[in-house]
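One structure is given below, encoded as structure tokens.
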Amino acid sequence: MTRKDTRSRFEARVLRPDQPGGDDSWGFVILPGAASAKLPRRGRTTVAGTINGRAFQALLEPDGNKSHWLRIDAGLLDSAGAVVGDLAQFEIVALEREPEPEIPADLLEALEASPEARATWDATTTVARLDWIHWIVSAKQAKTRAKRIADACDMLASGKRRVCCFDPSGYYSKALGPPMSANSSSKT
């Protein structure tokens with residue numbers, strides 16, 4: 001099910017990440033501001049859509065500028081007949097309900113070790129769980145990630161249902177953003 005009022009059609013250039021992390025076959029696009037503005041939140045948002053008519057469902061990431069970016073894996077690029085550098089045609093619409101996020105293994109292990117934290121986790125909304133996970137996985141260092149997992153379990157065990165002091169859009173903290181494009185010296 002989708003939210004028809006969030007539907008957008010746009011054209012965007014498929015970019016190559018400067019540091020693809022071992023898999024250089026994927027690309028990404030930055031959503032136009034008008035398309036992103038129709039979405040229900042500035043943080044991670046799941047959409048159904050098409051690229052050059054090829055259907056997909058994906059989790060959009062915040063770009064730190066009140067918009068979003070979309071990672072496009074090699075299989076989807078290939079099936080859509082798109083390559084890095086192409087202008088591609090997109091249509092997106094936010095899902096009516098966010099799908100339940102996959103819990104990272106290290107977080108799941110910590111939650112299973114703390115019944116109080118797990119009980120609060122299970123009582124939160126899907127969007128709240130998405131924000132907790134986003135806060136944890138956005139850590140740039142393993143040490144920070146481990147501390148965030150411990151802090152999350154402590155907060156959840158005390159009954160706290162939402163992560164505080166985390167800007168899921170990255171706009172105020174400037175902590176989030178799209179990959180650097182291989183064709184530029186700054187974020188695209």
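The values are calculated or read from the model by the stated rules, or taken from the named source; none is laboratory data. A quick note: this is a predicted structure, and the numbers were derived from the prediction, not measured. Cβ coordinates were reconstructed from backbone atoms using ideal geometry, including for glycine residues, and neighbour counts include every protein chain displayed.
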Unmet criterion (only one of (1) out of contact with any Gly (no Cβ under 9 Å at 6 or more places or on another chain); (2) under 25 Å from residue 64 (Cα atoms); (3) crowded, with 17+ Cβ neighbours inside 10 Å) for residue 142: (3)
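Within region 104-128, which residues are within 30 Å of residue 18 (Cβ to Cβ) and either in contact with an Asp or Glu (Cβ under 7 Å, 6 or more places away or on another chain) or of a type outside the set (D, E, K, R) (or both)?
Step one: of region 104-128, the residues within 30 Å of residue 18 (Cβ to Cβ) are 104-107.
Listed by number, the residues that qualify are 104, 105, 107.
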Any hit, region 93-114, residues being surrounded by 17 or more Cβ atoms within 10 Å (Cβ to Cβ), touching a Ser or Thr at 6+ places or on another chain (Cβ under 8 Å) and assigned to a helix (DSSP H, G or I): no
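Every residue, every condition in (1) of a type in the set (Asp, Glu); (2) modelled with pLDDT under 95; (3) more than 22 Å from the chain's Cα centre (by Cα), yes or no:
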{"position": "113", "(1), (2), (3)": "no, no, yes"}
{"position": "120", "(1), (2), (3)": "no, no, yes"}
{"position": "127", "(1), (2), (3)": "no, yes, no"}
{"position": "138", "(1), (2), (3)": "no, yes, no"}
{"position": "142", "(1), (2), (3)": "no, no, no"}
{"position": "151", "(1), (2), (3)": "yes, no, no"}
{"position": "157", "(1), (2), (3)": "no, no, yes"}
{"position": "169", "(1), (2), (3)": "no, yes, no"}
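Out of everything in region 11-21 that is surrounded by fewer than 20 Cβ atoms within 10 Å (Cβ to Cβ) and under 18 Å from residue 76 (Cα atoms), what residue ends up being modelled with the lowest pLDDT? Spell out how you get there, then give the answer.
From region 11-21, those surrounded by fewer than 20 Cβ atoms within 10 Å (Cβ to Cβ) are 11-13, 16-21; that's our starting set.
Now narrow it down to the ones that are under 18 Å from residue 76 (Cα atoms): 11-13, 16-17, 20.
Values: 11: 97, 12: 96, 13: 95, 16: 89, 17: 86, 20: 56.
Only one residue fits best here, namely 20.
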Residue pairs meeting the criteria (Cβ under 9 Å; at least 6 apart or on separate chains; first within 16 Å of residue 83 (Cβ to Cβ) and at pLDDT 95 or above, in region 48-65; second hydrophobic (A, V, I, L, M, F, W, C) and part of a strand (DSSP E or B)): 51/29; 51/70; 51/72; 51/88; 51/90; 52/88; 52/90
Scope region 129-183; condition in a loop (DSSP other than H, G, I, E, B), hydroxyl-bearing (Ser, Thr, Tyr) and either without any contact (Cβ under 8 Å) to a residue 60 or more places away in the chain or out of contact with any Leu (no Cβ under 9 Å at 6 or more places or on another chain) (or both); matching residues: 138, 158, 171, 172, 173
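Quick one: count up the residues across region 22-33 that are assigned to a loop (DSSP other than H, G, I, E, B), under 20 Å from residue 87 (Cα atoms) and in contact with an Asp or Glu (Cβ under 9 Å, 6 or more places away or on another chain). I'd like the intermediate steps shown before the answer.
Of all residues in region 22-33, those assigned to a loop (DSSP other than H, G, I, E, B) come to 22-26, 31-32.
Then keep just the ones that are under 20 Å from residue 87 (Cα atoms); that gives 24-26, 31-32.
Filter again for in contact with an Asp or Glu (Cβ under 9 Å, 6 or more places away or on another chain), leaving 25-26, 31-32.
Total satisfying the criteria: 4.
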Filtered residues of region 154-165 (kept if under 28 Å from residue 177 (Cβ atoms) and surrounded by 12 or more Cβ atoms within 10 Å (Cβ to Cβ)): 155, 156, 160, 161, 162, 163
